[in-house]
Amino acid sequence: MAFPAGFGWGAATAAYQVEGGWDADGRGPCVWDTFTHQGGERVFKNQTGDVACGSYTLWEEDLKCIKQLGLTHYRFSLSWSRLLPDGTTGFINQKGIDYYNKVINDLLAHGVTPLVTIYHFDLPQALEDQGGWLSEAIIDIFDRYAQFCFRTFGDRVKQWITINEPNTYALIAYEMGIFAPGVPHPGTGGYQAAHNMIKAHARSWHSYNSLFRREQKGMVSLSLFFGWSEPADPNSVPDREATMRVISFTLDFFAKPIFIDGDYPELVKSRVASMSKKQGYPSSRLPEFTEEEKKMIKGTADFFAVQYYTTRFVKYQENKKGELGFIQDMEIDYFPDPSWKGVGWIYFVPWGIRKLLKYIKDTYNNPVIYITENGFPQRDPPSLDDTQRWEYFRQTFQELLRAIHVDGVNLQLYCAWSLLDNFEWNDGYNTRFGLFHVDFEDPARPRAPYTSAKEYAKVIKNNGLEGSS
Ligand code: NOJ
(Lines give C-alpha, C1' and ligand atoms only; values in the text may rest on other atoms or scores of the structure.)
Protein backbone atom coordinates (compact mmCIF):
# COMPACT_ATOMS: atom_id res chain seq x y z
CA MET A 1 0.00 0.00 0.00
CA ALA A 2 1.15 3.44 -0.82
CA PHE A 3 0.90 6.72 1.03
CA PRO A 4 -1.77 9.12 -0.24
CA ALA A 5 -0.85 11.21 -3.29
CA GLY A 6 0.81 14.45 -2.23
CA PHE A 7 2.02 13.05 1.10
CA GLY A 8 4.81 15.23 2.52
CA TRP A 9 8.23 13.69 3.17
CA GLY A 10 10.61 15.72 5.28
CA ALA A 11 13.57 15.77 7.59
CA ALA A 12 14.07 18.16 10.47
CA THR A 13 16.83 20.09 12.21
CA ALA A 14 17.01 22.92 14.75
CA ALA A 15 19.20 26.00 14.71
CA TYR A 16 21.30 25.51 17.83
CA GLN A 17 21.79 21.83 17.06
CA VAL A 18 23.24 22.31 13.57
CA GLU A 19 24.20 25.88 12.75
CA GLY A 20 27.29 26.65 14.80
CA GLY A 21 28.48 30.19 14.09
CA TRP A 22 27.43 30.97 17.63
CA ASP A 23 28.95 34.47 17.61
CA ALA A 24 29.24 34.98 13.84
CA ASP A 25 27.95 38.10 12.08
CA GLY A 26 26.27 39.72 15.06
CA ARG A 27 24.39 36.74 16.49
CA GLY A 28 23.53 37.33 20.14
CA PRO A 29 24.00 34.62 22.79
CA CYS A 30 21.20 32.20 23.57
CA VAL A 31 20.66 30.22 26.77
CA TRP A 32 22.45 27.18 25.34
CA ASP A 33 25.60 29.24 24.66
CA THR A 34 25.67 30.33 28.28
CA PHE A 35 24.81 26.89 29.60
CA THR A 36 27.38 24.98 27.55
CA HIS A 37 30.10 27.56 28.13
CA GLN A 38 29.63 27.26 31.89
CA GLY A 39 30.80 23.62 31.71
CA GLY A 40 30.20 21.55 34.81
CA GLU A 41 29.60 18.27 32.95
CA ARG A 42 25.93 19.01 32.45
CA VAL A 43 26.53 18.22 28.79
CA PHE A 44 28.44 15.14 27.63
CA LYS A 45 32.18 15.96 27.78
CA ASN A 46 31.24 19.63 28.13
CA GLN A 47 30.57 19.77 24.38
CA THR A 48 28.92 22.86 22.88
CA GLY A 49 27.01 23.91 19.77
CA ASP A 50 29.65 26.55 18.95
CA VAL A 51 30.46 24.83 15.66
CA ALA A 52 28.03 21.88 15.55
CA CYS A 53 27.48 20.83 11.90
CA GLY A 54 28.57 24.25 10.71
CA SER A 55 25.32 24.69 8.80
CA TYR A 56 25.63 28.47 9.10
CA THR A 57 28.50 28.34 6.61
CA LEU A 58 27.85 24.90 5.10
CA TRP A 59 24.20 25.32 4.13
CA GLU A 60 24.96 24.21 0.56
CA GLU A 61 26.17 20.87 1.91
CA ASP A 62 22.86 20.43 3.73
CA LEU A 63 21.00 21.26 0.55
CA LYS A 64 22.88 18.47 -1.23
CA CYS A 65 21.69 16.03 1.44
CA ILE A 66 18.13 17.27 1.08
CA LYS A 67 18.31 16.76 -2.70
CA GLN A 68 19.86 13.33 -2.32
CA LEU A 69 16.92 12.24 -0.18
CA GLY A 70 14.38 13.78 -2.53
CA LEU A 71 12.58 15.51 0.35
CA THR A 72 9.38 17.38 -0.38
CA HIS A 73 9.72 19.34 2.90
CA TYR A 74 12.58 20.55 5.05
CA ARG A 75 11.88 21.56 8.63
CA PHE A 76 14.40 23.89 10.26
CA SER A 77 14.27 26.50 13.00
CA LEU A 78 15.18 30.15 13.10
CA SER A 79 17.76 31.19 15.66
CA TRP A 80 15.95 33.98 17.52
CA SER A 81 19.21 35.57 18.68
CA ARG A 82 20.70 35.44 15.17
CA LEU A 83 17.79 37.52 13.91
CA LEU A 84 17.19 39.66 17.02
CA PRO A 85 20.41 39.53 19.08
CA ASP A 86 18.78 40.73 22.32
CA GLY A 87 15.47 39.04 21.55
CA THR A 88 13.59 42.25 20.80
CA THR A 89 12.89 44.00 17.53
CA GLY A 90 14.84 46.99 18.85
CA PHE A 91 17.80 45.78 16.83
CA ILE A 92 17.45 43.55 13.78
CA ASN A 93 20.47 41.67 12.45
CA GLN A 94 20.35 41.85 8.65
CA LYS A 95 23.00 39.12 8.34
CA GLY A 96 20.63 36.73 10.07
CA ILE A 97 17.82 37.64 7.68
CA ASP A 98 20.19 37.12 4.73
CA TYR A 99 21.10 33.64 5.92
CA TYR A 100 17.52 32.43 6.28
CA ASN A 101 16.50 34.12 3.04
CA LYS A 102 19.14 32.09 1.27
CA VAL A 103 18.00 28.85 2.91
CA ILE A 104 14.34 29.51 2.07
CA ASN A 105 15.02 30.66 -1.48
CA ASP A 106 17.32 27.71 -2.22
CA LEU A 107 14.75 25.27 -0.90
CA LEU A 108 12.00 26.77 -3.02
CA ALA A 109 14.25 26.87 -6.08
CA HIS A 110 14.72 23.11 -5.65
CA GLY A 111 11.03 22.41 -5.16
CA VAL A 112 11.32 21.78 -1.41
CA THR A 113 8.72 23.32 0.91
CA PRO A 114 10.13 25.01 4.01
CA LEU A 115 8.43 24.14 7.30
CA VAL A 116 9.78 26.69 9.73
CA THR A 117 9.99 26.52 13.51
CA ILE A 118 10.08 29.97 15.06
CA TYR A 119 11.48 28.85 18.41
CA HIS A 120 13.29 25.59 19.21
CA PHE A 121 14.66 25.70 22.80
CA ASP A 122 17.19 28.52 22.14
CA LEU A 123 15.89 31.57 24.01
CA PRO A 124 18.04 34.69 23.64
CA GLN A 125 20.08 35.07 26.83
CA ALA A 126 18.97 38.69 27.19
CA LEU A 127 15.38 37.48 27.57
CA GLU A 128 16.32 34.76 30.02
CA ASP A 129 18.00 37.48 32.09
CA GLN A 130 14.56 39.09 32.38
CA GLY A 131 12.93 35.90 33.65
CA GLY A 132 12.62 33.91 30.42
CA TRP A 133 9.56 31.72 30.10
CA LEU A 134 8.78 32.16 33.79
CA SER A 135 7.92 35.80 33.22
CA GLU A 136 4.65 36.94 31.65
CA ALA A 137 6.50 39.62 29.71
CA ILE A 138 7.73 36.90 27.35
CA ILE A 139 4.25 36.55 25.82
CA ASP A 140 4.31 39.96 24.24
CA ILE A 141 7.97 39.68 23.26
CA PHE A 142 7.44 36.30 21.61
CA ASP A 143 4.44 37.63 19.71
CA ARG A 144 6.51 40.50 18.34
CA TYR A 145 9.28 38.10 17.29
CA ALA A 146 6.75 35.82 15.58
CA GLN A 147 5.21 38.80 13.76
CA PHE A 148 8.68 39.80 12.63
CA CYS A 149 9.19 36.27 11.22
CA PHE A 150 5.82 36.26 9.42
CA ARG A 151 6.51 39.73 7.99
CA THR A 152 10.05 38.89 6.88
CA PHE A 153 9.68 35.34 5.55
CA GLY A 154 5.93 34.71 5.28
CA ASP A 155 5.71 35.69 1.60
CA ARG A 156 7.52 32.35 0.98
CA VAL A 157 7.02 30.29 4.15
CA LYS A 158 3.50 28.86 4.41
CA GLN A 159 3.91 26.30 7.17
CA TRP A 160 4.89 27.52 10.61
CA ILE A 161 5.55 25.94 13.99
CA THR A 162 5.55 28.60 16.69
CA ILE A 163 7.13 26.64 19.55
CA ASN A 164 8.84 23.27 19.40
CA GLU A 165 7.86 20.84 22.14
CA PRO A 166 6.74 23.34 24.76
CA ASN A 167 5.80 20.34 26.90
CA THR A 168 9.36 18.98 26.88
CA TYR A 169 10.98 22.34 27.36
CA ALA A 170 8.77 23.54 30.19
CA LEU A 171 9.40 20.31 32.05
CA ILE A 172 13.07 19.63 31.38
CA ALA A 173 14.29 23.23 31.48
CA TYR A 174 12.07 25.05 33.96
CA GLU A 175 10.86 22.23 36.21
CA MET A 176 13.89 19.93 36.30
CA GLY A 177 16.67 22.33 35.35
CA ILE A 178 18.36 19.75 33.10
CA PHE A 179 18.14 21.84 29.91
CA ALA A 180 19.34 25.44 29.73
CA PRO A 181 18.96 27.71 31.63
CA GLY A 182 19.54 24.90 34.13
CA VAL A 183 17.73 26.06 37.26
CA PRO A 184 15.18 23.62 38.75
CA HIS A 185 11.80 24.83 40.08
CA PRO A 186 10.08 21.62 41.15
CA GLY A 187 6.30 21.68 41.12
CA THR A 188 5.99 25.27 39.90
CA GLY A 189 8.40 26.27 37.10
CA GLY A 190 7.15 23.76 34.56
CA TYR A 191 3.54 24.89 34.97
CA GLN A 192 4.43 28.57 34.88
CA ALA A 193 6.58 28.21 31.75
CA ALA A 194 3.97 26.05 30.02
CA HIS A 195 1.25 28.57 30.89
CA ASN A 196 3.21 31.38 29.28
CA MET A 197 4.12 29.25 26.26
CA ILE A 198 0.45 28.44 25.58
CA LYS A 199 -0.47 32.12 25.74
CA ALA A 200 2.52 33.13 23.60
CA HIS A 201 1.60 30.56 20.97
CA ALA A 202 -2.04 31.62 20.95
CA ARG A 203 -1.17 35.32 20.70
CA SER A 204 1.12 34.74 17.75
CA TRP A 205 -1.50 32.56 15.99
CA HIS A 206 -3.94 35.47 16.33
CA SER A 207 -1.35 37.86 14.97
CA TYR A 208 -0.94 35.63 11.93
CA ASN A 209 -4.67 35.29 11.60
CA SER A 210 -5.48 38.96 11.70
CA LEU A 211 -2.41 40.52 10.09
CA PHE A 212 -0.95 37.99 7.63
CA ARG A 213 -3.27 35.13 6.78
CA ARG A 214 -5.32 36.85 4.08
CA GLU A 215 -2.28 37.75 2.08
CA GLN A 216 0.11 34.93 2.94
CA LYS A 217 -2.40 32.06 3.12
CA GLY A 218 -0.26 29.90 5.38
CA MET A 219 -0.82 27.65 8.39
CA VAL A 220 0.39 27.92 11.97
CA SER A 221 0.61 25.33 14.72
CA LEU A 222 2.94 24.12 17.49
CA SER A 223 4.78 20.78 17.80
CA LEU A 224 3.86 18.62 20.78
CA PHE A 225 5.96 15.75 22.04
CA PHE A 226 4.38 12.56 23.24
CA GLY A 227 5.83 9.23 24.32
CA TRP A 228 2.92 6.82 24.00
CA SER A 229 1.83 5.36 27.35
CA GLU A 230 0.23 2.00 28.13
CA PRO A 231 -0.99 0.73 31.51
CA ALA A 232 1.52 -1.73 32.98
CA ASP A 233 -1.39 -3.95 33.94
CA PRO A 234 -4.35 -3.31 31.62
CA ASN A 235 -6.66 -4.96 34.17
CA SER A 236 -5.63 -2.62 36.97
CA VAL A 237 -7.88 0.40 37.40
CA PRO A 238 -5.13 2.42 39.20
CA ASP A 239 -2.68 1.70 36.33
CA ARG A 240 -5.26 2.69 33.73
CA GLU A 241 -6.02 5.90 35.60
CA ALA A 242 -2.30 6.62 36.00
CA THR A 243 -1.90 6.22 32.22
CA MET A 244 -4.73 8.68 31.62
CA ARG A 245 -2.96 11.13 33.89
CA VAL A 246 0.25 10.87 31.85
CA ILE A 247 -1.69 11.61 28.67
CA SER A 248 -3.55 14.49 30.34
CA PHE A 249 -0.49 16.07 31.93
CA THR A 250 1.70 15.95 28.84
CA LEU A 251 -0.24 15.88 25.56
CA ASP A 252 -3.72 17.09 26.53
CA PHE A 253 -2.25 19.75 28.82
CA PHE A 254 -1.41 21.72 25.65
CA ALA A 255 -3.72 20.17 23.08
CA LYS A 256 -7.01 20.52 24.97
CA PRO A 257 -6.75 24.28 25.51
CA ILE A 258 -5.51 24.89 21.99
CA PHE A 259 -7.67 22.47 20.01
CA ILE A 260 -10.81 22.18 22.16
CA ASP A 261 -11.86 24.78 24.70
CA GLY A 262 -9.10 27.08 25.91
CA ASP A 263 -8.62 25.35 29.24
CA TYR A 264 -6.54 22.62 30.88
CA PRO A 265 -7.94 19.09 31.32
CA GLU A 266 -10.12 18.73 34.46
CA LEU A 267 -7.93 15.85 35.59
CA VAL A 268 -4.88 18.12 35.66
CA LYS A 269 -6.66 21.02 37.35
CA SER A 270 -8.21 18.93 40.12
CA ARG A 271 -5.08 16.90 40.73
CA VAL A 272 -2.64 19.84 41.01
CA ALA A 273 -5.17 21.72 43.15
CA SER A 274 -5.56 18.85 45.63
CA MET A 275 -1.81 18.13 45.79
CA SER A 276 -1.10 21.83 46.33
CA LYS A 277 -3.64 21.94 49.14
CA LYS A 278 -2.08 18.95 50.86
CA GLN A 279 1.30 20.67 50.62
CA GLY A 280 -0.05 23.80 52.27
CA TYR A 281 -0.16 26.09 49.25
CA PRO A 282 -2.84 28.78 49.51
CA SER A 283 -3.95 28.04 45.93
CA SER A 284 -3.16 25.60 43.13
CA ARG A 285 0.39 25.60 41.76
CA LEU A 286 -1.20 25.39 38.32
CA PRO A 287 -1.98 28.90 37.09
CA GLU A 288 -5.49 29.57 35.78
CA PHE A 289 -6.57 31.08 32.48
CA THR A 290 -9.07 33.92 32.70
CA GLU A 291 -12.30 33.60 30.70
CA GLU A 292 -10.94 36.06 28.20
CA GLU A 293 -7.71 34.07 27.84
CA LYS A 294 -9.64 30.85 27.30
CA LYS A 295 -11.46 32.46 24.38
CA MET A 296 -8.15 33.72 23.05
CA ILE A 297 -6.48 30.28 23.28
CA LYS A 298 -9.27 28.09 21.91
CA GLY A 299 -8.86 27.06 18.26
CA THR A 300 -5.38 28.45 17.70
CA ALA A 301 -3.85 25.75 15.49
CA ASP A 302 -4.34 25.00 11.80
CA PHE A 303 -3.08 21.41 11.98
CA PHE A 304 -1.92 18.99 14.68
CA ALA A 305 1.88 18.63 14.81
CA VAL A 306 3.20 15.79 16.91
CA GLN A 307 6.61 14.23 17.60
CA TYR A 308 6.92 10.58 18.55
CA TYR A 309 9.97 8.56 19.53
CA THR A 310 9.04 5.88 22.00
CA THR A 311 6.59 4.28 24.43
CA ARG A 312 6.49 3.46 28.15
CA PHE A 313 4.41 1.43 30.55
CA VAL A 314 2.79 3.29 33.40
CA LYS A 315 2.03 2.20 36.94
CA TYR A 316 0.33 4.01 39.76
CA GLN A 317 2.86 5.08 42.38
CA GLU A 318 1.55 6.90 45.40
CA ASN A 319 3.28 10.14 46.36
CA LYS A 320 3.27 9.19 50.01
CA LYS A 321 5.47 11.96 51.31
CA GLY A 322 3.65 14.62 49.31
CA GLU A 323 6.82 15.46 47.37
CA LEU A 324 6.79 18.49 45.16
CA GLY A 325 7.12 17.97 41.41
CA PHE A 326 5.37 17.45 38.09
CA ILE A 327 5.94 13.66 38.00
CA GLN A 328 5.00 13.50 41.70
CA ASP A 329 1.73 15.30 40.93
CA MET A 330 0.87 12.54 38.46
CA GLU A 331 1.69 9.77 40.98
CA ILE A 332 3.13 7.47 38.37
CA ASP A 333 6.05 5.23 37.67
CA TYR A 334 7.07 5.12 34.04
CA PHE A 335 9.26 2.36 32.50
CA PRO A 336 10.00 0.35 29.34
CA ASP A 337 9.26 -3.31 28.82
CA PRO A 338 12.47 -5.27 29.63
CA SER A 339 12.35 -6.90 26.19
CA TRP A 340 12.56 -3.60 24.29
CA LYS A 341 15.94 -2.61 22.90
CA GLY A 342 16.88 0.98 23.53
CA VAL A 343 19.47 3.70 23.04
CA GLY A 344 19.34 6.21 25.89
CA TRP A 345 15.71 7.06 26.62
CA ILE A 346 14.44 5.78 23.28
CA TYR A 347 13.16 2.22 23.12
CA PHE A 348 12.36 0.44 19.89
CA VAL A 349 8.54 0.63 19.86
CA PRO A 350 7.34 1.64 16.39
CA TRP A 351 3.76 0.51 17.13
CA GLY A 352 3.25 3.31 19.67
CA ILE A 353 2.98 5.84 16.88
CA ARG A 354 -0.18 4.25 15.46
CA LYS A 355 -1.86 4.32 18.87
CA LEU A 356 -0.86 7.94 19.35
CA LEU A 357 -2.25 8.95 15.96
CA LYS A 358 -5.52 7.15 16.67
CA TYR A 359 -5.77 8.87 20.05
CA ILE A 360 -5.30 12.27 18.40
CA LYS A 361 -7.88 11.45 15.72
CA ASP A 362 -10.47 10.36 18.28
CA THR A 363 -9.82 13.07 20.86
CA TYR A 364 -9.21 16.06 18.63
CA ASN A 365 -11.91 15.67 16.00
CA ASN A 366 -9.89 14.03 13.23
CA PRO A 367 -7.48 16.89 12.54
CA VAL A 368 -4.90 17.09 9.78
CA ILE A 369 -1.80 15.64 11.42
CA TYR A 370 1.86 16.33 10.69
CA ILE A 371 4.55 14.23 12.32
CA THR A 372 7.18 16.93 12.69
CA GLU A 373 9.78 14.60 14.27
CA ASN A 374 10.39 10.88 14.61
CA GLY A 375 13.60 8.90 14.74
CA PHE A 376 15.96 6.51 16.45
CA PRO A 377 19.57 7.23 17.42
CA GLN A 378 22.92 5.48 17.38
CA ARG A 379 25.58 6.00 19.97
CA ASP A 380 28.98 7.30 18.96
CA PRO A 381 30.86 5.77 17.16
CA PRO A 382 28.08 4.92 14.74
CA SER A 383 27.98 2.50 11.84
CA LEU A 384 27.29 3.88 8.38
CA ASP A 385 25.47 0.65 7.69
CA ASP A 386 22.71 1.27 10.24
CA THR A 387 20.35 -1.48 9.13
CA GLN A 388 18.99 -1.94 12.65
CA ARG A 389 18.00 1.68 12.77
CA TRP A 390 16.43 1.49 9.34
CA GLU A 391 14.25 -1.27 10.74
CA TYR A 392 12.79 1.30 13.17
CA PHE A 393 11.91 3.62 10.29
CA ARG A 394 10.59 0.79 8.12
CA GLN A 395 8.29 -0.54 10.83
CA THR A 396 7.21 3.01 11.60
CA PHE A 397 6.15 3.51 7.97
CA GLN A 398 4.14 0.28 8.15
CA GLU A 399 2.39 1.63 11.23
CA LEU A 400 1.70 4.92 9.47
CA LEU A 401 0.16 3.08 6.51
CA ARG A 402 -2.12 1.21 8.92
CA ALA A 403 -3.00 4.45 10.68
CA ILE A 404 -3.95 6.06 7.37
CA HIS A 405 -5.66 3.17 5.60
CA VAL A 406 -7.14 1.17 8.49
CA ASP A 407 -7.74 3.79 11.18
CA GLY A 408 -8.59 6.63 8.82
CA VAL A 409 -6.11 9.05 10.37
CA ASN A 410 -5.65 12.22 8.34
CA LEU A 411 -1.84 12.16 8.33
CA GLN A 412 -0.35 14.38 5.63
CA LEU A 413 3.33 14.80 6.41
CA TYR A 414 6.21 12.94 8.04
CA CYS A 415 9.56 14.43 9.09
CA ALA A 416 12.45 12.24 10.18
CA TRP A 417 14.64 13.53 12.98
CA SER A 418 17.19 14.40 11.83
CA LEU A 419 18.72 15.35 8.50
CA LEU A 420 22.16 15.35 10.16
CA ASP A 421 23.89 14.01 13.23
CA ASN A 422 23.91 17.03 15.51
CA PHE A 423 24.22 18.46 19.01
CA GLU A 424 21.79 16.35 21.00
CA TRP A 425 21.42 18.76 23.96
CA ASN A 426 22.80 17.19 27.18
CA ASP A 427 24.05 14.18 25.18
CA GLY A 428 26.23 16.39 22.99
CA TYR A 429 27.53 14.54 19.92
CA ASN A 430 27.37 11.17 21.61
CA THR A 431 23.85 10.42 20.38
CA ARG A 432 23.47 10.51 16.62
CA PHE A 433 20.06 10.88 15.02
CA GLY A 434 21.20 11.83 11.51
CA LEU A 435 20.17 10.35 8.20
CA PHE A 436 23.59 11.72 7.28
CA HIS A 437 26.70 11.10 9.31
CA VAL A 438 28.68 14.20 10.25
CA ASP A 439 32.38 13.90 11.06
CA PHE A 440 32.74 16.27 14.02
CA GLU A 441 36.52 15.72 14.16
CA ASP A 442 37.01 17.16 10.68
CA PRO A 443 36.86 20.97 10.40
CA ALA A 444 35.09 20.58 7.03
CA ARG A 445 32.32 18.59 8.80
CA PRO A 446 31.78 16.23 5.83
CA ARG A 447 28.34 14.62 5.53
CA ALA A 448 27.90 10.97 4.44
CA PRO A 449 24.66 9.04 4.02
CA TYR A 450 23.80 6.20 6.37
CA THR A 451 21.98 3.18 4.94
CA SER A 452 18.84 4.74 6.43
CA ALA A 453 19.23 7.77 4.14
CA LYS A 454 19.46 5.57 1.05
CA GLU A 455 16.45 3.53 2.11
CA TYR A 456 14.44 6.63 3.05
CA ALA A 457 15.14 8.08 -0.40
CA LYS A 458 13.55 4.96 -1.95
CA VAL A 459 10.45 5.29 0.23
CA ILE A 460 10.09 8.91 -0.81
CA LYS A 461 10.54 8.04 -4.47
CA ASN A 462 7.93 5.25 -4.31
CA ASN A 463 5.69 7.18 -1.93
CA GLY A 464 5.54 3.95 0.03
CA LEU A 465 7.28 0.77 1.08
CA GLU A 466 8.03 -1.85 -1.54
CA GLY A 467 6.11 -5.04 -0.90
CA SER A 468 4.48 -3.88 2.33
CA SER A 469 0.91 -4.58 3.27
C1 NOJ B 1 12.92 16.46 20.12
C2 NOJ B 1 13.59 17.79 20.00
O3 NOJ B 1 12.74 18.68 19.35
C4 NOJ B 1 14.93 17.72 19.29
O5 NOJ B 1 15.58 18.93 19.48
C6 NOJ B 1 15.73 16.55 19.81
O7 NOJ B 1 17.01 16.50 19.23
C8 NOJ B 1 14.97 15.27 19.54
N9 NOJ B 1 13.74 15.32 20.28
C10 NOJ B 1 15.71 14.00 19.94
O11 NOJ B 1 15.88 13.95 21.31
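Give the percent of DSSP beta bridges with both residues in the stretch 308-466 that are antiparallel, rounded to the nearest 5. Of all bridge pairs located within the stretch 308-466, approximately 70 percent are antiparallel. If you take the alpha carbon atoms of the stretch 228-382 and fit the smallest convex hull around them, that volume is 144 Å³ per residue.
Measuring r between the beta carbons of Ala5 and Lys458 and using R0 = 22 Å, the FRET efficiency lands at 0.80.
Taking the alpha carbon gyration tensor of the stretch 398-456, multiplying each eigenvalue by 5 and rooting it gives semi-axes of 31, 13, 8 Å, largest first.
Beta bridges assigned by DSSP with both partners in the chain are antiparallel in approximately 25 percent of cases. In this structure, His405 and Trp340 have a Cβ-Cβ separation that, at R0 = 35 Å, corresponds to a calculated FRET efficiency of about 0.85. In the context of the full set of protein chains, residues of the stretch 333-433 present 36 Å² of accessible surface per residue (probe radius 1.4 Å, heavy atoms only). Here the chain has an Rg and Dmax of 21.1, 61 Å, counting Cα atoms alone.
Computing FRET efficiency as 1/(1 + (r/R0)^6) for Ile178 and Asn366, where r is the C-beta to C-beta distance and R0 is 51 Å, gives about 0.90. With the convex hull of the Cα atoms taken as the outline of the stretch 424-469, the averaged projected area works out to 4.7 nm². Working ranking of peptides 215-224, 401-410, 247-256 by packing, defined as the average number of other Cβ atoms within 10 Å per residue, highest first, is 247-256, 215-224, 401-410. On a C-alpha basis, how far is the centre of the stretch 28-86 from the centre of the stretch 142-184 in Å? Whole number, if you could? Using only Cα atoms, the two centres lie 15 Å from each other. The convex hull defined by the C-alpha atoms of the stretch 354-423 has an orientation-averaged projected area of 5.4 nm². Backbone amide hydrogens, once placed in the peptide plane, bring Gly464 within less than 5 Å of Phe3, excluding anything fewer than 5 places away on its chain. Reported to the nearest whole Å, the Cα centre-to-centre distance from the stretch 349-414 to the stretch 281-318 is 22. With a simple spin-label model that places each label point 7 Å from the Cα along the Cα-to-Cβ direction, the separation between Ala273 and Glu288 comes to 0.8 nm.
Ordering Phe440, Ala457, Asn196 by Cα displacement along the dipole of the chain toward the positive end leaves Ala457 in first place; charges were set at the Cβ atoms of Lys, Arg (+1) and Asp, Glu (-1). Would you mind counting up the charge near His405? Only other residues with Cβ under 14 Å from its Cβ, with Lys and Arg at +1 and Asp and Glu at -1. Net of charged neighbours comes to +2. Hey, which aspartates and glutamates would be in cross-link range of Lys361, C-alpha to C-alpha under 12 Å, not counting anything within fewer than 8 residues on its own chain? Straight-line reach from Lys361, under 12 Å: Asp407. Packing order of peptides 127-138, 424-435, 27-38, highest average first: 424-435, 27-38, 127-138 (average count of other Cβ atoms within 10 Å over each peptide's residues). Legend: P(r) of the stretch 1-51 from all alpha carbon pair distances, 5 Å bins from 0, whole percents, reading 4, 16, 20, 17, 10, 6, 6, 6, 8, 4, 0. Across the chain, the mean sequence separation of Cα contacts (distance under 8 Å, 6 or more residues apart), normalised by length, yields a relative contact order of 18 percent. Here the contact order of the stretch 331-423, divided by its residue count and restricted to Cα pairs under 8 Å and six or more residues apart, works out to 38 percent. Neighbours of Thr34 by Cβ distance under 10 Å: Lys/Arg scored +1, Asp/Glu scored -1, total -3.
The values are calculated or read from the model by the stated rules, or taken from the named source; none is laboratory data. Since the model is a prediction, treat every value here as computed from it, not as a measurement. For neighbour counting, all protein chains shown are included, and Cβ atoms are generated from backbone atoms with ideal geometry for every residue, glycine included. To get the accessible areas, we keep the full protein, side chains included, count just its heavy atoms, and leave off ligands, DNA and RNA. Shrake-Rupley method; radii C 1.70, N 1.55, O 1.52, S 1.80 Å.
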